[in-house]
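S.K.: The structure that follows is given in the form of structure tokens.
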Amino acid sequence: MDQAASGLVAGAEESGAYRVFGREEWAALRSNTPLPLTDADVRGLRGVADQVSLAEVADVHLPLSRLLNLHVTAARNLASVQDTFLGRPASVPPYVIGIAGSVAVGKSTFARLLRAVLARWPDHPRVQLVTTDGFLLPTKVLESRGLMRRKGFPESYDLRRMIGFLRAVKAGEAEVSAPVYSHLSYDIVPGESEVVSQPDILIFEGLNVLQTAGAAVLASDFFDFSVYVDAAEEDIEAWYVQRFLVLQRTAFQDPRSYFHHYRDLSEAEATAVARGIWREINHPNLVENIQPTRPRAHLVLTKGPDHAVREVALRQM
């Protein structure tokens with residue numbers, strides 16, 4: 001853990017904001033929750049260069065799924081109480097979970113695995129996952145505004161559309177559409193959308209889900225629970241470079257890839273490019289816009305250099 005992360009955890013524990021658990025202590029809170037996934041399931045859900053194991057799912061995801069199952073039940077009961085008070089038909093709004101963290105920290109894999117685990121609970125089998133990538137401004141707009149080197153920063157998102165999407169989902173609208181983003185073309189896919197149809201749980205994952213950005217209405221205003229996936233900056237940089245090298249040998253070889261021009265770089269050249277992108281774009285965004293949102297999360301997962309979660313900090317109620 002880097003000094004910033006260590007300081008956050010120590011300070012939060014001392015102030016009483018969070019209770020901090022070691023890996024084994026957190027894993028014990030799984031109780032008798034069954035493990036619904038297999039090694040093959042985990043391999044199919046983890047991202048490029050991620051090293052999540054089935055043991056990680058058992059130790060981290062299962063206790064969290066148990067906690068969230070209890071939260072969902074409590075939220076439904078509270079909604080029923082309010083409907084009774086207002087004299088209106090009972091309604092069950094989707095329970096919304098936000099997942100934040102740096103580029104390359106493994107939050108997308110974490111979100112996919114959490115979705116798979118939560119969907120195995122009979123109380124809430126309909127779980128959908130949407131990422132904020134779809135709410136990035138199209139490339140032509142970013143280029144016209146000189147923001148291509150600021151992609152992932154708050155100003156590169158269509159925040160009004162994102163807030164409208166979350167508001168409609170939380171209001172229980174029958175079908176709500178989200179734009180679709182292609183990592184191959186590095187752009188919004190014209191004419192395509194992902195439909196969210198009144199799920200029991202919506203997982204909303206992205207760099208910016210806990211950011212305030214001076215807006216009157218925040219994405220997190222619609223969250224029932226939020227998770228921040230954390231790690232030391234030097235580890236995240238190493239994972240980013242590792243992922244870039246894997247993509248350079250695979251996805252970047254596709255002529256349709258936005259990064260096809262990197263296809264013939266040597267490993268040393270590709271490493272230098274990746275470190276440059278990290279230093280000029282991703283690290284400043286992490287320090288300026290992402291890390292400051294960490295204390296706003298209900299749960300902070302801190303990873304070690306081996307990608308494994310080592311500590312869990314749960315905000316006190």
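The values are calculated or read from the model by the stated rules, or taken from the named source; none is laboratory data. Worth saying up front: this structure is predicted, and the values here are computed from it rather than measured. Because the Cβ atoms are built from the backbone with ideal geometry, glycine has one as well, and the counts that use them run over all protein chains shown.
S.K.: For segment 111-159, which positions are assigned to a loop (DSSP other than H, G, I, E, B), hydrophobic (A, V, I, L, M, F, W, C) and in contact with a Pro (Cβ under 8 Å, 6 or more places away or on another chain)? Break it down into steps so the answer makes sense when it comes.
M.R.: Restricting attention to segment 111-159, the residues satisfying the condition of being assigned to a loop (DSSP other than H, G, I, E, B) are 119-126, 137-138, 145-147, 151-153, 158.
Pick out the ones that are also hydrophobic (A, V, I, L, M, F, W, C) and you get 119, 121, 137, 147, 153.
Passing the criteria: only 119.
S.K.: Separate question: Report, by residue number, each residue of segment 202-223 that is closer than 15 Å to residue 287 by Cα and aliphatic (A, V, I, L, M).
M.R.: 207, 210, 213
S.K.: Please pick out the residue among 246, 229, 241 that is closer than 20 Å to residue 107 by Cα, among the β-branched types (Val, Ile, Thr) and in contact with a Gly (Cβ under 7 Å, 6 or more places away or on another chain). Before you say what the answer is, go through the steps one by one.
M.R.: Working: 246 fails: in contact with a Gly (Cβ under 7 Å, 6 or more places away or on another chain); 241 fails: in contact with a Gly (Cβ under 7 Å, 6 or more places away or on another chain).
Just a single option satisfies the conditions, and that option is 229.
S.K.: Let me ask something additional. Residue 285 versus (1) closer than 18 Å to residue 108 by Cα; (2) outside any helix (DSSP H, G or I): which is the lone unmet condition?
M.R.: It fails just one condition, (2).
S.K.: Kindly indicate the residue of segment 1-42 that is among the small types (Gly, Ala, Ser), outside any loop (DSSP other than H, G, I, E, B) and modelled with pLDDT of 80 or more and also surrounded by the most Cβ atoms within 10 Å (Cβ to Cβ) among those meeting that condition.
M.R.: First, pick out the residues of segment 1-42 that are among the small types (Gly, Ala, Ser): 4-7, 10-12, 15-17, 22, 27-28, 31, 40.
Of the ones still in play, those that are also outside any loop (DSSP other than H, G, I, E, B) are 4-7, 10-12, 15, 22, 27-28, 40.
Those still in the list that are modelled with pLDDT of 80 or more too: 22, 27-28, 40.
Values: 22: 11, 27: 18, 28: 12, 40: 9.
It comes out as 27.
S.K.: What pairs come up if the first residue lies in segment 80-92 and is without any contact (Cβ under 8 Å) to a residue 24 or more places away in the chain and part of a helix (DSSP H, G or I), the second is hydroxyl-bearing (Ser, Thr, Tyr) and surrounded by fewer than 11 Cβ atoms within 10 Å (Cβ to Cβ), and their beta carbons are under 8 Å apart, counting only those six or more places apart or on different chains?
M.R.: none
S.K.: Could you list, in sequence order, the residues of segment 260-311 that are among the hydroxyl-bearing types (Ser, Thr, Tyr) and under 19 Å from the mean Cα position of the chain (by Cα)?
M.R.: So in segment 260-311, the residues among the hydroxyl-bearing types (Ser, Thr, Tyr) come out as 262, 266, 271, 293, 302.
Result: 293, 302.
S.K.: Inspect segment 43-53 for any residue being within 24 Å of residue 174 (Cβ to Cβ), in contact (Cβ under 8 Å) with a residue 12 or more places away in the chain, among the charged types (D, E, K, R) and surrounded by 16 or more Cβ atoms within 10 Å (Cβ to Cβ) and give the result as yes or no. Break it down stepwise before answering.
M.R.: To start, the set of residues in segment 43-53 that are within 24 Å of residue 174 (Cβ to Cβ) comprises none.
The answer is no, given that none of the residues of segment 43-53 is within 24 Å of residue 174 (Cβ to Cβ), in contact (Cβ under 8 Å) with a residue 12 or more places away in the chain, among the charged types (D, E, K, R) and surrounded by 16 or more Cβ atoms within 10 Å (Cβ to Cβ).
S.K.: Something else now. If you check every pair at least six apart or on different chains, which have Cβ atoms under 6 Å apart with a residue in segment 7-36 that is more than 12 Å from residue 302 (Cβ to Cβ) and of a type outside the set (A, V, I, L, M) first and a residue that is at pLDDT 95 or above and assigned to a strand (DSSP E or B) second?
M.R.: Here the result reads 13/20; 19/314, each pair linking segment 7-36 to a residue that is at pLDDT 95 or above and assigned to a strand (DSSP E or B).
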